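The values are calculated or read from the model by the stated rules, or taken from the named source; none is laboratory data. These numbers were taken from a predicted model, which means no experiment stands behind them. Here the Cβ positions follow ideal geometry from the backbone for every residue, glycine too, while neighbour counts run over all protein chains shown. These accessible areas exclude ligands, DNA and RNA; they are computed on the full protein's heavy atoms, side chains included. Shrake-Rupley method; radii C 1.70, N 1.55, O 1.52, S 1.80 Å.
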Amino acid sequence: MSEVSEVSAENLKRTPLYELHLAQRAKMVPFAGYEMPVQYPSGVKKEHIHTRGNAGVFDVSHMGQLKLCGDGADYFLESLVPVDIVGLPAGKQRYALFTNEAGGILDDLMVTRYDDCLYLVVNAACKERDTRHLQSCLPEDVTLEPLNDRALIAIQGPMAAKVMQSIVPDVADMLFMDSRQLFIDGVPCFISRSGYTGEDGFEISIPEKEAERITRQLLNHPDVELIGLGARDSLRLESGLCLYGQDIDVNTTPAEASLAWAISKNRRNNGERAGGFPGAEKILNQIATGQVTTKRIGLIGSSRAPVREGAELVNDQGQTIGRVTSGTFGPTVGAPVAMAMVNANYTTLGTELYALVRGKKLPMTVCKMPFIEQRYYRG
């Protein structure tokens, strides 16, 4: 996993669910400046399989939660991302990217429009930088409020909807990427039908003082278990979802990251509000021409040996052509899976590459992502 903190152990932060993790005998590790649960006694593989078959609850309170309010907040945010924010309907959520003038990705984030504000969820390791980035060009009539007094949890898996409906019936008609402000047992929450596992599920922002009580309500259901960061990583990797700082970073453009789909049509060349975001010329030219020198791809292994982040990739002549950015054994796939940044000449589906692992050349095949069928609920 990425985002491992360089903060000393005594300076690590704790989420509002820290005591619950200890009570559940979690193994705690430093991650993005926090003490976070990497796994529980059942282990990463069983947690992964449980989420795919039932429902898992994840503590993602280390993520950054922000509110942008005021007239023109949508136009302001749209000036920083290559995404249609102005046209985002109330009660809907959209994936976005902060970009820099060189076309690199500063962070990936989720943006929700509520009637009174824009609600943003940003990556834990980037939240202070993102906050400074927003504040540095904030218009006078727009306010930025970090929501430091809220926890964030996710419930994911095929049983997630049933469990959620048992405690907050109003989520029943929500579709993928819908977001609402609803009460759970009298507590005001932000709830979106989304997540980062490829499964149906929900993310729930909760006032920190109520976080453990609400989380325990979910855990009271027999289909629900707490899931750590280890399984969250293997779940998102099987679903072909990027981890910032590992698969994408400031040196990666959206086209190189195979994220061109995230660039809204009306922000592209000849669109209604084309360009106008940092790095627009380079990003839009790469998308229009398809010309990049490196590209993010999916790989599946022929053996059962996992290939980890940082492994060098070579062609059949032994020439270096890229490196693995994320890799593990996919419990659902039943084979090693990986994402990699490689020379663009080696991105054709079915191309065989080799990962160098402890002096051995392990064959891997370029394949389509996601590695599993995504099961988002679209109605």
Built amide H within the under 5 Å cut-off of residue 184, gap 5+: 189
Label point distance in nm, residue 223-residue 173, each placed 7 Å from Cα along Cα→Cβ: 2.2
Theoretical ellipticity at 222 nm over the chain - DSSP helices of four or more residues, -39500 (n - 2.57) apiece, nearest 500: -5000 deg cm²/dmol
Cα gyration tensor, segment 335-374 - rounded (a/c under 1.5), prolate or oblate: oblate
Extension gain from residue 317 to residue 24, taking 0.36 nm per residue of separation minus the Cα-Cα distance: 100.5 nm
Förster radius 22 Å - calculated FRET efficiency between residue 86 and residue 376, Cβ distance, rounded to 0.05: 0.35
Under Karplus coefficients 6.51, -1.76 and 1.60, residue-wise ³J(HN,Hα) of segment 151-161 in Hz, glycine/proline x: 8, 9, 10, 10, 10, 10, x, x, 9, 4, 5
With DNA, RNA and ligands ignored, accessible area of residue 375 (1.4 Å probe; Å², nearest 10): 110
Derived scalar couplings ³J(HN,Hα) [segment 105-110; Karplus, 6.51 cos²θ - 1.76 cosθ + 1.60; whole Hz; x for Gly, Pro]: 8, 7, 5, 10, 8, 10
Interchain or long-range residues, amide H under 5 Å from residue 372's placed H: none
Simple spin-label estimate for residue 143 and residue 42 in nanometres, 7 Å along Cα-Cβ: 4.3
Among 273, 308, 52, residue whose mean-square fluctuation peaks in a GNM of the chain (springs only between Cα atoms under 10 Å): 273
Gyration tensor (Cα) of segment 52-200, equivalent ellipsoid semi-axes in angstrom: 27, 17, 14
Accessible area of the chain belonging to carbon and sulfur atoms, whole % at 1.4 Å probe: 48
Net length gained if the chain between residue 281 and residue 135 were fully extended (0.36 nm per residue, minus Cα distance): 50.1 nm
List 213, 14, ordered by accessible area with a 1.4 Å probe, largest first: 14, 213
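Show me the ranking of peptides 151-157, 82-88, 166-172 by mean Cβ neighbours inside 10 Å, starting with the highest.
Numbers: 151-157: 25.3, 82-88: 20.4, 166-172: 14.3.
Ranked from most to least packed, the peptides come out as 151-157, 82-88, 166-172.
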Debye log10 I(q)/I(0) at q = 0.22, 0.23 Å⁻¹ for segment 201-263, Cα point scatterers: -0.99, -1.02
Answer label for mean projected area of the Cα convex hull in nm² (calculated), chosen among (i) 23.4; (ii) 22.1; (iii) 18.8: (iii)
Selection of chymotrypsin sites (Phe, Trp or Tyr not before Pro), segment 60-118, meeting DSSP coil and at most 10 other Cβ within 10 Å: none
Estimated vicinal HN-Hα couplings, Hz - segment 198-204 in sequence order (Karplus 6.51, -1.76, 1.60; Gly, Pro = x): x, 9, 4, x, 9, 10, 10
Local electrostatic count at residue 241 - Lys and Arg +1, Asp and Glu -1, tallied over other residues with Cβ under 11 Å: -2
Residues with amide H under 5 Å from that of residue 114, placed H, sequence gap 5 or more: 91, 119
Under 14 Å, Cβ to Cβ, from residue 347 - net charge with Lys/Arg +1 and Asp/Glu -1: +1
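What is the local net charge at residue 302, summed over the other residues whose Cβ is closer than 13 Å to its Cβ (Lys, Arg +1; Asp, Glu -1)? Walk me through the intermediate numbers first.
On the way: positive: 304, 360, 361; negative: 352.
So the environment of residue 302 carries a net charge of +2.
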With all protein chains modelled, accessible area of residue 18 [1.4 Å, Å²]: 30
